[in-house]
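So the structure is just underneath, and the comments pick up after that.
The numbers here are math on the coordinates, done by the rules we state, and not lab data. Just so we're clear, the structure is a prediction, and the values are computed from it rather than from any experiment. We place every Cβ from the backbone using ideal geometry, glycine too, and count neighbours over all the protein chains shown.
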């Protein structure tokens, strides 16, 4: 039996949101969902599970690779559901690197780039605030019993719930983490371009967001430990702004831990922006432009088969 569901709000009241404003609202909400679930799963691994007695000790985190898989899969679901939320309105970039790459190679309006970036950062900051609202007791419980060093009573471990930092084996250097972010984001955009390319083996039946989530999981599992695989300037910068205001101070800005790293905040911004453009350019050079030329020539052989040889007609 079909049931007609009346509109909750008359369409006339929403006309002002039909253009760029509506797209920015979708980017905000999609990024909010992304961070709420992404930072939420890290809060589970770092503070909530140990603090609730579900780990070996109140400060036991990342005891084995399975803990990292929890985080990787959590971020995968976060991306997928964030894209499902905003995709029908804005395309659900949810990432300034994606927005920039789409402007460079996919005809996305340059006039929309800054509004999208702003919406993404604010959505990320708001998502981080919600995670803190839900998990602040667990976070403070962890910080109380964890060994130092501490900044305003906070540890780098709880800061990692919200934003990223480099591994100790970089010894505070910039080049290693910067290259890591460029490479990780290049893979992200390369694979997103492949998923969206209808001339290629594009994902069907609205499964694109799930596949993009799998891409993020793959990057996290393969390249995540070097620098926390931000691969998204808004994902790092928005929560970093929040943690600075919430008391993590120099851990957030400029992003420093004595003897480990300093002034790190710009790496997860610059690296992904460069990597995103590199990734989509590489995809187009090796695959996208080839498919475009074939489509224009209407000569698209089946995979694994050569194009038929043309012969002149005999008169």
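Look at 211, 277 and count the other Cβ atoms within 10 Å of each Cβ; fewest to most, that gives 211, 277.
Of interest is the spacing of the C-alpha centroids, which for the stretch 230-246 and the stretch 80-158 amounts to 6 Å. The angle separating the long axis of helix 175-196 from the principal Cα axis of greatest extent in the chain is about 40 degrees. Relative to the longest principal axis of the Cα atoms of the chain, the long axis of helix 113-145 makes an angle of roughly 30 degrees. Relative contact order of the chain, taken over Cα pairs closer than 8 Å and 6 or more residues apart, is 22 percent.
Highest GNM mean-square fluctuation among 156, 232, 200, for the chain modelled with Cα contacts below 10 Å: 200. Which angle between 0 and 90 degrees, to the nearest 10, do you get for helix 96-105 versus the longest principal axis of the chain when only C-alpha atoms count? Taking the Cα atoms of the chain, the angle to 96-105 is about 20 degrees. The stretch 98-242 has equivalent-ellipsoid semi-axes of 31, 18, 15 Å, by the square roots of 5 times the alpha carbon gyration tensor eigenvalues, sorted largest first. The average projected area of the stretch 212-266, computed from the convex hull of its Cα atoms over all directions, is 4.2 nm². Among 235, 144, the ranking by other beta carbons within 10 Å of each residue's beta carbon, starting with the fewest, stands as 144, 235.
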